[in-house]
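As structure tokens, the structure follows; a few thoughts come after it.
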Amino acid sequence: MVTYIVRRLVAAVLILLGASFIVYMLTAASGDPLADLRESNVPNRDTLIQLRTDLLSLDVPAPIRYFEWLGGAASCLIPFAATCDLGSSIAGIEVTQLLARAMGQTILLVTGATVLAILIGISLGIITALRQYSGLDYGVTFMAFLFFSLPIFWVAVLLKEYGAIGFNTFLADPNISLTAIVITSLVSAFIWYLVARGTLKKRLIAAAAGFAFAAAILFFLDITQWFSSPGFGPVVIAIAGVGIAYGITLLTAGLKNRKALYSALITVGIGLIAYFAVQPLLDLATPLMIVILAIVTVLVGVAVGYFMGGYDRRQSMNAAGLTAFLMGFTILLDRFMQSWPLYSDNNRIRGRPIATLGSSTPNLDGDFWIMGIDTFTHLLLPTIALMLISLAGYSRYSRASMLEIMNQDYIRTARAKGLGERTVVMRHAFRNALIPLATLVAFDIGGLIGGAIITEQVFAFSGMGQLFIGALGRVDPNPIMGVFLITGILALVFNLVADLVYSVLDPRVRVKA
Amino acid sequence: MRFGRTSKAVGVAAIAALALSACASTDSGEGNSDPDASGDTGASSGGVVSVAEVNPFTSFNSDSATGNVDINGKVSYLTKSGFNYINDQLEVVPREEFGSYEVVSEDPLTVTYTVNEGVAWSDGEPIDGGDLLFSWAVSSGYFDDADAEAETGTTYFAAASTAGLDLSLLPELGEDGRSITIEYTEPYADWEIAYGVIDTPAHVVATQAGLADEDALIELIQNTPEGDPEDPQERPELQSVADVWNTAFDTTTLPDDPAMYLSSGPYIVDAMVPDQSMTLVKNEDYNWGPETQLDEITIRYIGDATAQVQGLQNGDVDVIQPQASADTLASLEALDGVNIFEGDELSFDHLDLNYSGVFEDENVRKAFMMTIPRDAIVESTIRQLDPEADHRDSHIFDVGTPGYEAATPVNGSEMYDEVDIEGATELLDGATPEVRIMYSVDNPNRVDAYTLIAESAEQAGFVVVDGGLPGNEWGAALGTGTYDAVIFGWVSTGVGVTGVPQLYGCGSASNFSGFCDEEAQAAMDELIVTTDEAEQQELQTIVDTRLFDTGYGLPLFQSIGINAASDSIEGVGFSPTQEGIWWNFWEWTVAE
């Protein structure tokens, strides 16, 4: 195992050296860093050209310049010496500084989208695999491929047009027209029809229910002017809580496990009491406090499950813990919504909350909730754009993998010994279906930092992609090499991690040294 | 000791409560009760404006070679005052509230600059003799003893431009301590824009460089001998001052030390988010210039033109300066409540012919010029942005200036208004010269121009060879004689005349085509020592006419810029200067 890792690491270093050399040569050949000075007609043009030539060592042939750069980069390897020298950009800013900032922005932009894409994509894949060749399967497949094939700059511009500009105009006067209610309800009916199973009659009833449900909600939202001052309130939280309790129990323990169900429901009850109890505390929230509260919440849930006991304590604890977490999340969401009117009326926001640019409103001043909403309104659109496009990959992979697993002998065995469908799917199939995805996920996390060049461009995020493309435009070699170095190392490391994780998850795969 | 279950639970709860209260925010929900705490002063009086810029801010020293990026210059324009500024008509306007300047002697040209009393940096330190002298020291290259060929000596202050002041002697400071007298060794036509107070306060540079104070810096400048490339010297003290000036002001975050971003103008930087935005607020002490209306200006860096337009539409920004394109213009025109500002920028594309090789004969040059379809070129490039746009008819004057209006009817450009294939064929008299045209294949406008020119010239009998080069090579090929004609662009400074001999003087560095004409040279020699504007214009017209008469080539078109602003912002206007839309920022107001 150790020899294997060492061998892989040595190979990685060699690949990195070779690739960085090629990238350096390509960058050097991509343009003339002096172009703007050549067209200038200031009298000291020659001095300026000389200065920039000295700054970027342009008088040295590119292959030799590469080794100068490599020498600086190699000093980054000395730990704790802070001697890292990746050069500086044409504007004289150190590349290490540029990289640190750009990475932060990119991680902010891409993390949410990637996590959501993984969660939603895998869920969709599993569900469609279980309902193979149903209307739902075809529907999801169609949508996944549709989004997959859309160019992201176009999706992003459309999202801005309707999701930001149009939606903000709507928010100024949030009256939902009758046409909008009817159309949305019809869409809802169609989705319910696809999701429901059974005879045509049953599915039509489901569609009718879906129509009525959506219409009622929209009507209610319209009457109460919900969009101006959104919120759940204790009633909705209670209903949602009970729903969460049933859903989580169904997935983790099965509804037949009464102790688990009761633990989850008791957690919901405690959550409702806590909803009123923590409101004054939440007014003073800080990120650290939210983290502590989240931990406490989960612990309370687990404790409830523990004391409810039963023949399988673990199941109750799982169900109650998860329910507690989601309940806490709902309360958190509600608290954010309570701050929405304050945010929206803030004179920096000027009543147009959904932003099209950047990661935060400049000079916005507010408490935890206001700043949280600000981040949300800025990340909403880019996250949707990125997520829609990467959904397809995850859902198709997990669908294929799940289908394969469901036809395995051990699934038949599990069924044959009389296990319930829930246990077969959740315990025997689902876990094994995730193994091939580990590679994909590990690799995607490595690719996170590489950024989403076009998305960053359209949403004016100054992340890694922007740093790269901007530097390429100015033929500014050092930032390009900095970006390449980071993304290259991450790609290689996570490739290795993916291989190792795979062998840990699947005992059939053994790493050969 | 044993605890019961209840007491354990109480204990845990108590500890949890303690931990939570410890990490609670201390401002007790102030943000809640007072949502617009930060900005309500803005809303109640002058208002707040958010402006999109393409490039991110990189330096508080826009006079240095590395800091000389458009955005840095614009921030400097907002936060620093000077003796004059350039308006949208490309006229130099003195700022009398800041200081005054007068020519005390024409021969030798001597100018005295005096800063008014009470004009100060935002830390209270007055702008005085030290600043004036240091500004000169930096912008004159006086101490430089670098010799590029021998690779000896040092360029101390890496100034973006040393135009004019490189011809000046070590100036004298006035007795009032806030005036300076600069003497030029030769008359210099553009003296009015040659000297100004630079971005960086002398007292800050002095202390940063380890000198005792501003006076020590004055002494250092006055006592250090002029640099001599023949005899380079080590000057460590000056070097440390230069190092501070060259690099210490480069930053993308707000420096911890307020001295690094002092203001002497209407606004002062209040906050910076690297690569995203910058906020300027009023400089409370400022009263030496036009009174500004806006309380706060936010600059946001948005590279993408579509993103700028949609940002304007969504109210994220109020003023935008996107890269001009037909698409951008169309999407702006589709918006309500937006004012669009279009105008000529200071760069222009032109076709130059070599005065050698196949074009040695003036008639061949003229024949080639007759075939250039300038209307078709304009049609395929800038007319999409502005239906009224026309080709440029002067090598020297920018479209729309008084000089341009006066020169174009008489400079001989009329001859080439229309394509004249017949005339060209006649001039060629049966010859079929082979012409290699060089241009950048990465610039679509120039590719279009080349295609149209080649097509038209071949009708007259020219054999056109495509000499297009990639974007990284064409610049280096200029002036190497590997082509006969070249299509490229110049960026003019808009003001001043010293650029003329640099481009068209016999043997000067940027004269790539080998143009050398006695009459034009005489006019240029006189031009750079003439300070009277009317005379300058006359001399420039002579050069312009000679360029057309001798078949230098043809100017093609001047680029067009597009800016736009929400109609809630009043007083905004286009300007071709480097400051662009900002040129009259003190006139901007937010309509209620």
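What follows draws every value from the coordinates through simple rules; no lab data is involved. Since we're looking at a predicted model, the values are computed, not measured. Counting neighbours? That spans all protein chains shown, and the Cβs are built from the backbone with ideal geometry, glycine included.
For region B:141-156 and region A:141-165, what is the centre-to-centre distance using only Cα atoms, to the nearest Å? Cα centroid of region B:141-156 versus Cα centroid of region A:141-165: 57 Å apart. Length available on full extension from residue B:226 to residue B:54: 0.36 nm per residue minus the Cα-Cα distance, which gives 57.9 nm.
The C-alpha atoms of chain B define a longest principal axis, and helix B:518-527 lies at about 30 degrees to it.
R0 = 25 Å: FRET efficiency of residue A:415 with residue A:255, Cβ-based, nearest 0.05? Write down the numbers at each step before the final one.
Working: r = 20 Å, r/R0 = 0.78.
Once rounded, the FRET efficiency stands at 0.80.
The gain in end-to-end length when the residue A:246 to residue A:273 segment is fully stretched comes to 7.8 nm, 0.36 nm per residue minus the alpha carbon separation.
The spread of Cα positions in chain A, taken along each principal axis and listed from longest to shortest, comes to 81, 63, 46 Å. Using the Karplus relation 6.51 cos²θ - 1.76 cosθ + 1.60 with θ = phi - 60°, the per-residue 3J(HN,Hα) values for region B:536-544 come to 4, 4, 4, 5, 5, 4, 4, 4, 4 Hz, with x marking Gly and Pro.
Seen from residue A:460, the other residues with C-beta closer than 15 Å to its C-beta sum to a net charge of -2, counting Lys and Arg as +1 and Asp and Glu as -1.
Once you keep just the Cα pairs under 8 angstrom separated by 6 or more residues, what percentage relative contact order results for chain B? Write out the running numbers ahead of the final one.
Working: 1119 pairs, mean separation 107.6, N = 592.
Once normalised by length, the contact order is 18 percent.
Take the alpha-carbon centre of region A:256-302, take the same for region B:201-253, and report the distance between them in whole Å. Taking the Cα centre of region B:201-253 as reference, the centre of region A:256-302 is 64 Å away.
With the convex hull of the Cα atoms taken as the outline of chain B, the averaged projected area works out to 37.4 nm².
Taking beta carbons within 10 Å but only from partner chains, what does the mean come to for residues A:44-57? If you can, show how the numbers build up before the last one.
Details: counts 12, 4, 2, 12, 9, 2, 6, 9, 3, 1, 2, 3, 0, 0.
Across the residues of A:44-57, the mean count of other-chain Cβ atoms within 10 Å is 5.
Across the residues of B:271-279, average count of Cβ atoms on other protein chains within 10 Å?
Numbers: counts 2, 1, 7, 9, 13, 10, 8, 1, 2.
Averaged over the peptide's residues, the number is 6.
Taking R0 as 51 Å, what's the FRET efficiency between residue B:271 and residue A:204 from their Cβ-Cβ distance, rounded to 0.05?
On the way: r = 59 Å, r/R0 = 1.16.
That gives a FRET efficiency of 0.30.
In this simple spin-label model, placing a label point 7 Å from the Cα along the Cα-to-Cβ direction at both residue A:75 and residue B:414 gives a separation of 6.7 nm. Per DSSP H run of at least 4 residues, take -39500 (n - 2.57); add these up for chain A, divide by its residues and hand me the 222 nm value, nearest 500 deg cm²/dmol. Mean residue ellipticity, 222 nm, calculated: -24500 deg cm²/dmol. Considering only B:531, B:574, B:562, and ranking their Cα positions along the charge dipole of region B:528-579 that arises from unit charges at the beta-carbon of Lys, Arg, Asp and Glu, the one farthest toward the positive end is B:562.
Couplings 3J(HN,Hα) of region A:238-248, computed from phi: 4, 4, 4, x, 4, x, 4, 4, 5, x, 5 Hz, in residue order, whole Hz [Karplus 6.51 cos²θ - 1.76 cosθ + 1.60, θ = phi - 60°; x for Gly and Pro].
Given a Förster distance of 22 Å, report the FRET efficiency between residue A:404 and residue A:311 from their Cβ-Cβ distance, rounded to the nearest 0.05. All intermediate terms of the calculation are to be shown ahead of the outcome.
Numbers: r = 34 Å, r/R0 = 1.53.
Between residue A:404 and residue A:311 the formula returns 0.05.
If you average 1/r across every pair of different Cα atoms in the protein assembly as shown and take the reciprocal, what Kirkwood value do you get, in Å?
Details: mean 1/r = 0.0293 Å⁻¹.
Result for the protein assembly as shown stands at 34.1 Å.
Mean partner shielding of peptide B:300-312, defined as the number of other chain Cβ atoms within 10 Å of each residue Cβ, is 6. Taking amide H as placed 1.01 Å from N in the peptide plane, the amide H of residue B:59 sits under 5 Å from that of B:251, each at least 5 places away or on another chain. Here region B:283-409 was treated as a single set of alpha-carbon atoms; its pair distances binned every 10 Å from 0 give 9, 26, 26, 22, 11, 6, 1 percent.
Which longest uninterrupted range of chain A lacks any trypsin sites (Lys or Arg not before Pro) assigned by DSSP to a loop state (not H, G, I, E or B) and surrounded by at most 13 other Cβ atoms within 10 Å? Don't jump to the answer; show the numbers that get you there.
On the way: sites that count: A:197, A:256, A:417, A:508, A:510, A:512.
Result for the longest clean stretch: A:1-196.
Distance from the alpha carbon centroid of region B:292-350 to that of region B:435-504 works out to 30 angstrom. Among the GluC sites (Glu not before Pro) in region B:194-271, those placed in a DSSP loop whose Cβ has at most 13 other Cβ atoms within 10 Å are B:226, B:230, B:234.
Residues whose amide H comes within less than 5 Å of that of residue B:465, counting only those at least five positions distant or on another chain, are B:435, B:436, B:437 (H built at 1.01 Å from N in the peptide plane).
Among the chymotrypsin sites (Phe, Trp or Tyr not before Pro) within region B:276-374, not one is in coil by DSSP while having at most 15 neighbouring Cβ atoms inside 10 Å. Close amide H partners of residue B:85, meaning residues 5 or more places away or on another chain with modelled amide H under 5 Å apart, are B:93, B:95.
Using a simple spin-label model with pseudo-atoms 7 Å out from Cα toward Cβ, residue A:57 and residue A:489 lie 2.0 nm apart.
Using the Karplus relation 6.51 cos²θ - 1.76 cosθ + 1.60 with θ = phi - 60°, the per-residue 3J(HN,Hα) values for region B:160-166 come to 5, 8, 10, 3, x, 5, 5 Hz, with x marking Gly and Pro. Highest average first, the peptides A:265-275, B:528-538 ordered by how many other beta carbon atoms sit within 10 Å of their residues are A:265-275, B:528-538.
Basic side chains Lys and Arg get +1 at the Cβ, acidic Asp and Glu get -1 at the Cβ, and with that the dipole of chain B about its Cα centre reaches some 2920 debye.
Do any chymotrypsin sites (Phe, Trp or Tyr not before Pro) in region A:98-183 lie in a loop, going by DSSP, with at most 11 other beta-carbon atoms within 10 Å of their beta carbon, and if so which? Intermediate values should be presented prior to the final figure.
Values: sites: A:133, A:138, A:142, A:145, A:147, A:148, A:153, A:154, A:162, A:167, A:170; in loops: A:133.
Sites meeting the loop and neighbour criteria: A:133.
Ordered by the count of other Cβ atoms within 10 Å of each Cβ, fewest first, A:459, B:515, A:430 give A:430, B:515, A:459.
Remark: the residue A:504-residue A:286 segment gains 74.7 nm on full extension, using 0.36 nm per residue and subtracting the alpha carbon distance. What does the helix-only formula give at 222 nm for chain B: each DSSP H stretch with n ≥ 4 adding -39500 (n - 2.57), the total divided by the residues, and the result rounded to the nearest 500 deg cm²/dmol? That comes out to -9000 deg cm²/dmol.
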